[in-house]
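The values are calculated or read from the model by the stated rules, or taken from the named source; none is laboratory data. Fair warning: this is a prediction, and the values are worked out from it, not measured in the lab. No Cβ is skipped: glycine too gets one built from the backbone with ideal geometry, and neighbour counts run over all protein chains shown. For the accessible areas, the whole protein counts, side chains as well, though only heavy atoms, and no ligand, DNA or RNA atoms are used. Shrake-Rupley method; radii C 1.70, N 1.55, O 1.52, S 1.80 Å.
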Amino acid sequence: MGVLLALAGAIASPALADVEVRETDIPTPAGDITVRIYRPTSTPSAGAIVWAHGGAWVGGSIDMPEGHWVGLSLAVRGVTVYSVDYHLSLRGITFPVPSDDLLATYDWARGDLLTTGADDIDLHLGGASAGGNLAAGVAKRLARRGTPPASLVLAYPSLHSEFPEPSTELAAVLARVDFPDTLPGLLAFTMAHFAGEAGVHDEIAVPGNGAVPAGHARTLILNADADPLRASGELYGNLLRDADVQVEMDYLSGSLHGFLNEPESDLGRVGIDRVADWLLR
């Protein structure tokens, strides 16, 4: 069912008049989920991406800025966005359900581009934080299937069940921020909760595990600066490079985890520009 959404507050902009926003329900192995589609209307889409928001696998939604604002902002720049309201890991739901949701959306989006006459544009895959975890896992699944996305976009992703050892430079940055002592335990707990019976050694639930499959998509990893998960993104980027995957890895100086969830910030806008430039090159 198509729904036009009101645009207000910090994300309002005259340019948004050129964005069509609608929702549809699609089937997945665990039941229907909602996909919100952001499509430029004044000019043809120059690319498309299936996008997964963050929220530690148990929170977040397509309504949060990391879902809604990202969708609007990329569409304004000429990218069609399929924002996925995947099943959260609550009430007994664990991996592989959210991963299956994202894979089903990717396959559905390919069909949608075909039916709308836009099958000649590239379809990418991406996500932020826990959504980056899901996107990285699905990218592995797609590579093994022989149908990799045009590229993979990971924003401050969570790719390991523990924080990797930071570089000397990153350790100095982290020392200037007052992170709670409980943070490593919280990551381990939430990752184990999400992984469920598959366990944290599963290489799709925890993409930092295992080998990089042949044919893996080229990848942008955009980390936050003062963020323990930056070590996870950097370690994964090096793993991909060692497997001869084309990788661009960067961080936004001065940023904290979640900058794409801050539409009012300069860093949030810089992050959107960086992602859009990658998708439209």
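Quick one: in segment 55-87, of everything that is free of Cβ contacts under 8 Å to residues at least 40 places away in the same chain and either within 17 Å of L123 (Cβ to Cβ) or under 13 Å from the mean Cα position of the chain (by Cα) (or both), which residue is surrounded by the most Cβ atoms within 10 Å (Cβ to Cβ)? Looking at the filtered set, the residue picked out is G67. In this entry, A52 is excluded by the filter for residues that are modelled with pLDDT under 95 and within 22 Å of the chain's Cα centre (by Cα). G185 passes every criterion in (1) free of Cβ contacts under 8 Å to residues at least 12 places away in the same chain; (2) closer than 18 Å to L154 by Cβ; (3) open to solvent by less than 70 Å² (accessible area, probe 1.4 Å) apart from (2). Has segment 159-180 got any residue that is open to solvent by less than 10 Å² (accessible area, probe 1.4 Å), within 24 Å of D101 (Cβ to Cβ), in a loop (DSSP other than H, G, I, E, B) and out of contact with any strand residue (DSSP E or B) (no Cβ under 7 Å at 6 or more places or on another chain)? Scanning segment 159-180 turns up at least one residue that is open to solvent by less than 10 Å² (accessible area, probe 1.4 Å), within 24 Å of D101 (Cβ to Cβ), in a loop (DSSP other than H, G, I, E, B) and out of contact with any strand residue (DSSP E or B) (no Cβ under 7 Å at 6 or more places or on another chain).
Note on segment 230-248: residues that are farther than 12 Å from S167 by Cα and open to solvent by 10 Å² or more (accessible area, probe 1.4 Å) amount to 10.
For S42, state whether it is among the small types (G, A, S), under 22 Å from G271 (Cβ atoms) and touching an Asp or Glu at 6+ places or on another chain (Cβ under 7 Å). Considered against the rule, which asks whether it is among the small types (G, A, S), under 22 Å from G271 (Cβ atoms) and touching an Asp or Glu at 6+ places or on another chain (Cβ under 7 Å), S42 comes out as no. Taken over segment 68-101, residues that are part of a loop (DSSP other than H, G, I, E, B) and either farther than 22 Å from L279 by Cα or of a type outside the set (K, R) (or both) amount to 12. Test V245 against the stated conditions and say whether it is outside any strand (DSSP E or B) and free of Cβ contacts under 8 Å to residues at least 40 places away in the same chain. Criteria met by V245. Of the residues making up segment 217-224, none is open to solvent by 10 Å² or more (accessible area, probe 1.4 Å) and either closer than 22 Å to A56 by Cβ or more than 17 Å from the chain's Cα centre (by Cα) (or both). Filtered by the rule that a residue be surrounded by fewer than 20 Cβ atoms within 10 Å (Cβ to Cβ) and closer than 22 Å to D112 by Cα, segment 88-100 gives a lone residue, D100. For segment 259-277, the tally of residues that are out of contact with any Gly (no Cβ under 6 Å at 6 or more places or on another chain) and open to solvent by 10 Å² or more (accessible area, probe 1.4 Å) stands at 11. Taken together, G117, G132 contain a single residue that is out of contact with any helix residue (DSSP H, G or I) (no Cβ under 6 Å at 6 or more places or on another chain) and without any contact (Cβ under 8 Å) to a residue 12 or more places away in the chain, which is G117.
Among the residues making up segment 17-35, a single one is more than 30 Å from A192 (Cβ to Cβ), within 20 Å of the chain's Cα centre (by Cα) and crowded, with 18+ Cβ neighbours inside 10 Å: V21.
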